[in-house]
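Structure first, then comments.
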Amino acid sequence: MLGLYVHIPFCSAICNYCNFNRGLFDAAQKERYVAALLTEIRARADGSPADTLFFGGGTPSLLEPAEIAAVIDACRQAFALAGDAEITLEANPETVTPERLAGFRSAGINRISFGVQSFRDEELQRLSRLHSAARASEAFSMARAAGFENISLDLMMWLPQQTVAHWLESVDALIALGPEHASMYLLEIYPNAPLRDAMARSKWSLAPDDDAADMYLSGLDRMDKAGYVQYEVSNVARPGRASRHNLKYWTDGEWLGFGCGAHSTRHAVRWKNLASTEEYISAATAGGRLTADRRPLSAEEQLEDALFTGLRLNAGIDLRAVKLRYGADVWALYGGELQVFVEEGVLVYDGRSLRLTRAGMLLAHEIMTVFIRSTVR
Ligand code: SF4
């Protein structure tokens, strides 16, 4: 079944490390944008079955509950959205109130994903986040009180000035709240990020690489002990609570993206919508072309994608499924170069699947280059 993704590109302030497709909130522009989204969804209606809908951003929780309800309704009319579809809203802690959360719930949202990033106030301030640790905990409690039984919290590690002990404080605070799902990412600071200047000005530094590896491994170890199950490089969940939507990206699934900059992959074709919010609104309103880039995926690209994303999963690459779908014998193609990783204990090959060990996940990029090198040759 399809996954549906809706991009909401508005934020109350721009975080100093953020490289997403977003801009500052403008109420008038938001209204025009929601109208454009509804137009796009209706124009692409084909009644196909879908079982996930994900509002990502940006900060989707800046939309009014009635606007979220209108988008969900448009998706229900345009596609055969399953009765038990997973419908996720990404939210920033400072944007929610009990009333807004109740509104999102009655609009049809049944999963909420809070961008917490850290439970230490000085770290949040260094990242120019608008919320405090206390506000994040309060938002979580409000969401529970509003009836959300499926909540995810995002944390980031390897923050400026962060030690392993600081990181584990955030992990422990997350565990104490008891969400159903958690994402734990290493902060990547892109070349022109304002955070780089802030770090230079304030003489903030990053912990050594070994400490970053320790953060990753010890954080996951605590999540294991608390009963969470890692299912992807950066994601853990209570049993049965893995993100059904994100799994479509990682298991060779198909999805349609709506809104500016949204990507879609379907029938071996990939396309991307216009990235600029204003250009997107103008094109959607005028009934014009919304896609900036549309191309069929070659058989090699599809295989490469399946290998890349499969290796991100704890279950690994299902070699038989790849053979059936792409006719490729992965071990015959790449085994010669992968053997060294198996011998180092960072990759497991058992004839049926190929998967990274947890230590191997730290080397995922290096191991995946084998697939690129081999495909290029
Ligand atoms: S809230 Fe999220 S999308 Fe918005 S600027 Fe911050 S990191 Fe970027």
Two pseudo-spin positions, 7 Å from Cα along C-beta at residue 343 and at residue 82, lie apart in nanometres by 4.4
In Å², rounded to a whole number, the accessible area per residue of the chain with probe 1.4 Å is 43
Residue span residue 73 to residue 315: 0.36 nm per residue of separation minus Cα-Cα distance leaves a gain in nm of 83.6 nm
Once phi for every residue in segment 179-187 is put through the Karplus expression 6.51 cos²θ - 1.76 cosθ + 1.60 (θ = phi - 60°), the whole-Hz ³J(HN,Hα) values, with Gly and Pro written as x, are x, 7, 8, 9, 10, 10, 10, 7, 5
Listed by chain and number, the residues whose amide H is under 5 Å from that of residue 81, excluding neighbours fewer than 5 places away on the same chain and using placed H, are 50
Under 5 Å from the placed amide H of residue 5, counting only residues 5+ away or on other chains, we find 54, 256, 257, 258
With x for Gly and Pro, the residue-by-residue ³J(HN,Hα) of segment 102-108, computed from phi through the Karplus equation 6.51 cos²θ - 1.76 cosθ + 1.60 at θ = phi - 60° and given in whole Hz, is 4, x, 5, 5, 6, 5, x
On the formula 1/(1 + (r/R0)^6), with r taken between the Cβ atoms of residue 144 and residue 285 and R0 of 45 Å, the FRET efficiency rounded to 0.05 is 0.70
Computed over segment 59-123, the relative contact order (Cα-Cα under 8 Å, seq sep at least six) in percent reads 43
Here, residue 201 and residue 121, labelled 7 Å along Cα→Cβ, have an inter-label distance in nm of 2.1
Classified through the alpha carbon gyration tensor (a ≥ b ≥ c as square roots of its eigenvalues; rounded if a/c is under 1.5, else prolate when a/b is larger than b/c, else oblate), segment 148-262 comes out oblate
Once phi for every residue in segment 330-344 is put through the Karplus expression 6.51 cos²θ - 1.76 cosθ + 1.60 (θ = phi - 60°), the whole-Hz ³J(HN,Hα) values, with Gly and Pro written as x, are 4, 5, 5, 6, 10, x, x, 8, 7, 3, 4, 6, 5, 5, 6
Filtered hits (lysines, Cα-Cα < 28 Å from residue 272, offset >= 8 within chain) -> 30, 248
The long-range amide H neighbours of residue 113, using H built 1.01 Å from N in the peptide plane and a cut-off of under 5 Å, are 89, 90, 91, 152
For the chain, cysteines with no other Cys Cβ under 4.7 Å from their own Cβ are listed as 11, 75, 260
Shape call for the chain, from the Cα gyration tensor axes a ≥ b ≥ c (a/c under 1.5 means rounded, otherwise prolate when a/b beats b/c, else oblate), comes out oblate
Computed over the chain, the relative contact order (Cα-Cα under 8 Å, seq sep at least six) in percent reads 14
Using alpha-carbon positions, the gyration tensor of segment 166-220 gives root eigenvalues a ≥ b ≥ c; with a/c under 1.5 called rounded, otherwise prolate if a/b exceeds b/c, else oblate, the class is prolate
Among 79, 339, 372, the residue whose Cα sits farthest towards the positive end of the charge dipole of the chain (+1 at Cβ of Lys and Arg, -1 at Cβ of Asp and Glu, taken about the Cα centre) is 79
In the chain the accessible area split gives carbon plus sulfur, as whole percent at 1.4 Å, a share of 53
Subtracting the Cα-Cα distance of residue 263 and residue 329 from 0.36 nm times their residue separation yields 20.8 nm
Per the rule of 0.36 nm per residue minus the C-alpha distance, extending residue 278 to residue 28 adds in nm 88.8 nm
At the level of C-alpha centres, the distance separating segment 8-22 and segment 247-262, in angstrom, is 20
Computed over segment 199-291, the relative contact order (Cα-Cα under 8 Å, seq sep at least six) in percent reads 11
From DSSP H assignment alone, runs of 4+ in the chain each adding -39500 (n - 2.57), the sum over residues rounded to the nearest 500 puts [θ] at 222 nm at -13500 deg cm²/dmol
Plugging the Cβ-Cβ distance of residue 224 and residue 369 into 1/(1 + (r/R0)^6) at R0 = 45 Å yields, to the nearest 0.05, a FRET efficiency of 0.95
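The values are calculated or read from the model by the stated rules, or taken from the named source; none is laboratory data. This one's a predicted model, so the numbers in the text were calculated from it and none came from an experiment. Cβ sites come from the backbone with ideal geometry, for glycine too, and all protein chains shown count toward neighbours. To get the accessible areas, we keep the full protein, side chains included, count just its heavy atoms, and leave off ligands, DNA and RNA. Shrake-Rupley method; radii C 1.70, N 1.55, O 1.52, S 1.80 Å.
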